[in-house]
1. Let me see the pair-distance distribution of segment A:77-225: every alpha carbon pair, 10 Å bin width, integer percents in order.
2. Semi-axes of the equivalent ellipsoid of the protein assembly as shown: what are they in whole Å, largest first, if each equals the square root of 5 times a C-alpha gyration tensor eigenvalue?
3. Can you compute the charge dipole magnitude of segment B:54-106 about its Cα centre, using +1 on each Lys and Arg Cβ and -1 on each Asp and Glu Cβ, nothing else charged? Give it in debye, rounded to the nearest 20.
4. With +1 on each Lys and Arg Cβ and -1 on each Asp and Glu Cβ, and nothing else charged, work out how big the dipole of the protein assembly as shown is about its Cα centre, in Debye to the nearest 20.
5. So what is the relative contact order of segment A:415-589, in percent, for Cα pairs below 8 Å that sit 6 or more residues apart?
6. At a cut-off of 50 Å², which residues of segment A:259-292 become less accessible once all protein chains are present than in their chain alone, using a 1.4 Å probe?
7. Given +1 on the Cβ of Lys and Arg, -1 on the Cβ of Asp and Glu, and no further charges, what dipole in debye does segment A:177-264 carry about its Cα centre, rounded to the nearest 20?
8. How much net charge surrounds residue A:211 when only the other residues with a Cβ under 11 Å from the Cβ of residue A:211 are counted, with Lys and Arg +1 and Asp and Glu -1?
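The values are calculated or read from the model by the stated rules, or taken from the named source; none is laboratory data. This is a predicted model, so every value here is computed, not measured. Cβ atoms come from the backbone with ideal geometry, glycine included; neighbour counts cover every protein chain shown. Accessible surface is based on the protein model in full, side chains and every heavy atom, while ligands, DNA and RNA are left aside. Shrake-Rupley method; radii C 1.70, N 1.55, O 1.52, S 1.80 Å.
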Amino acid sequence: MARYHTLLRINLDSQSYKQEEIPQEYEKKFLGGKGIGTAYLLKEIKQGIDPLGPLNKFIISTAPLNGTTAPASSRIEIVTKSPLTGIYLDCNSGGHFAEELKATGNDVVIFEGVSGKPVVIYIHNNKVSFIDASNLWGMHIYETENKVRQMLGEPGVRVMSIGPAGENLVRFASISNDYSRNAARGGSGAVLGSKKIKAIAVRGTRDIPIADLKNFIKAVKKANKIIFDNPWVAEQRQYGTPRSVAPVNMNGLMPVNNFTEGQLPSVNSIDEKAFENLTVQRLSCGECPVACAKGYGKGKIELEGPEYETIGLFGPNLGILDPDLIAEFNYYCNEYGLDTISAGSLLGAVLATGKAGKEGSGKKRYVVLKLLRDITFRKGIGNILAEGLKSAGRELGISYFIPQVKGMGIPAYDPRCSEGTALVYMTADRGACHLRSWPLGRELAGVWDADDTDGRVKFVKEQQDEKAAEESIIVCQFAYGIGLLNDILPEMVSISTGENWTLKKMRLAGERIWNLSRIFNLREGITRDDDYLPEKFAKEGIKKGPLKGKVMSKSKQDYMLDKYYEFRGWSKNGAPLESTLKRLEIEDLI
Amino acid sequence: MSYLRIDKTLCTGCRICEAACSMAKEGVVNRAKSRIRIYRRDVIKLQYLVCVQCRNPVCISACPENAIIHDEKGIRVIYDKCNGCGACTEVCNRVFLSPEGDKALMCDQCGACISACPENALSIRE
Ligand code: SF4
């Protein structure tokens, strides 16, 4: 229960589909969402295949709480091989897609092969239609979603689509659903583009199976109380993620001018109050009582956001402090289908190194908009940038200045700020990602002694496991906190599924997932050498603010990696030991 | 006549009301069985649909089975008579056809959604 145990396999070559049963072992060992998606990826993707070729697969994975009345339970997981990094990728997105897909009666959908021509896939309960999308190819995302909705004539339909960036195989192209909710990182939009899928529409009208509805309702009440009793949530509800702007700047870890200075004299023009004043409509993802999304609307520039990462990377990182301009860049990224984090971190390096050419000296607004357009349509230097951060760094001779780990652009917190943050970026399964663990708050609060590196490393490892479980359930961290903070998640999952979940079992599932994704990455050639920050962060100190002079030395990174591997039960080279796989009971799956 | 009012300045489109409605009226979680629908209409626009007990109930005359009546309890569907033909849903977008196609779903102001709404956007008005 809370599961249909059903996988829908859609073959684009033959325009056919079939339903399969999901092995019980997957549900027991990996929970759902990220976990089950990762298990399928490892099993079905052969080593070395081209992420933009016919052998890559695109996996959409729901989880036990999707579609139920559990608060903040409408996030959807996508798992595939990344065209940006060449390794494991999972990304997720809010909105209402997850609950709608779940109600079709399919827990997981796998897309394989390549369509001969542009196509919209419409999943209506257990029926799949392949609709010619030649007339939609080339459209921006908002128009695409409107056209697909019109075409299907069903107001309850939810749409996930790509824009021209995905079509043109830009390696950091995003996917959007509900217009401006994005599963953005790692180029999943290009994977859909390579398969000629313009959009995936879903409409589900099946009952969501809940094993014990009466007790589930009680557990949901409890969950709501926990959420509303948390003062952190109240602030998130009022201000959303822009609330991070001021403290990040105050603590000196703002990415300013391509991660050189850590602080600006003032960020008042782009802080939470500034964006609150620009909010025209509060919005919410499905079943979410937090409703942290801020609808921005000025003329045609409409979006949910901008969120903190976009503000940081298109704001201070590019030397911009105009909130409307940041919203405009965000809007174009949304419409073209570009990841704002990778785009922002890449453009920061391009502007700072003067590689935007003669035009680079023009007005910033014009320069940035032109670069975004040129990337999307692969024109001039845009064609080089569209190949991703590492490749662009090599081509333009600016590798040293590109903020990335494993090819993934670094989010809007300078990794020199803290050991924990550095380690999070270094070890994240998909390359530089800030969402796998969040030690920074504790580090700033002084939870660990200054010399207690081991404490930080252990925390990162443990929270990574918990976060993987959270993304396998799937609920939003803005309601529940990062990881598994109390028994309410195991309780809700147990009652809704009729299975027996505890915190301990969930943590174990999370640890299994981290080992599967690592094995996938090792198979693709990742080594210990790939687990470091770019040289710049080890050599050059932050130039301004309270962290002035701070670096993340190579020896410190070395020490943390040694410890991290040890806590994980991995070798000195970062490979899971036989004994670890045995302990986790996943040796047969590899 | 009392009706369910949605305060558009407060609603965020979370659809918690939809699931609450389906649980109260049908005993299951199924937003497609809800009598209130909050649709996304554009990037930041919502559409709020529920029967508002209007002055000109075209659903009544549209129904070939006389299954929609207007009496002291208001405008409502008599489920024994409704055969799910959908004629009412053709003339008004505030009545919905059940996914099984067996009946029309119309709000009867039971109020289950009101306490579920985290934004206090719902109320019964006269
Ligand atoms: S529960 Fe309240 S806020 Fe949420 S969609 Fe319904 S009316 Fe709007």
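1. Spelled out per bin, shortest first, that is 11, 39, 32, 12, 5, 0.
2. Details: eigenvalues 345, 153, 129 Å².
Output for the protein assembly as shown: semi-axes of 42, 28, 25 Å.
3. On the way: 6 positive and 7 negative charges, 44 e Å.
Dipole size: approximately 220 debye.
4. Details: 95 positive and 85 negative charges, 191 e Å.
Approximately 920 debye in magnitude.
5. Working: 199 pairs, mean separation 39.5, N = 175.
The normalised contact order for segment A:415-589 reaches 23 percent.
6. The answer is A:281, A:283, A:287 - residues whose exposure falls by at least 50 Å² when every protein chain is included.
7. Numbers: 14 positive and 6 negative charges, 114 e Å.
That gives a dipole near 540 debye.
8. Details: positive: A:3, A:214; negative: A:212, A:499.
Neighbourhood net charge equals 0.
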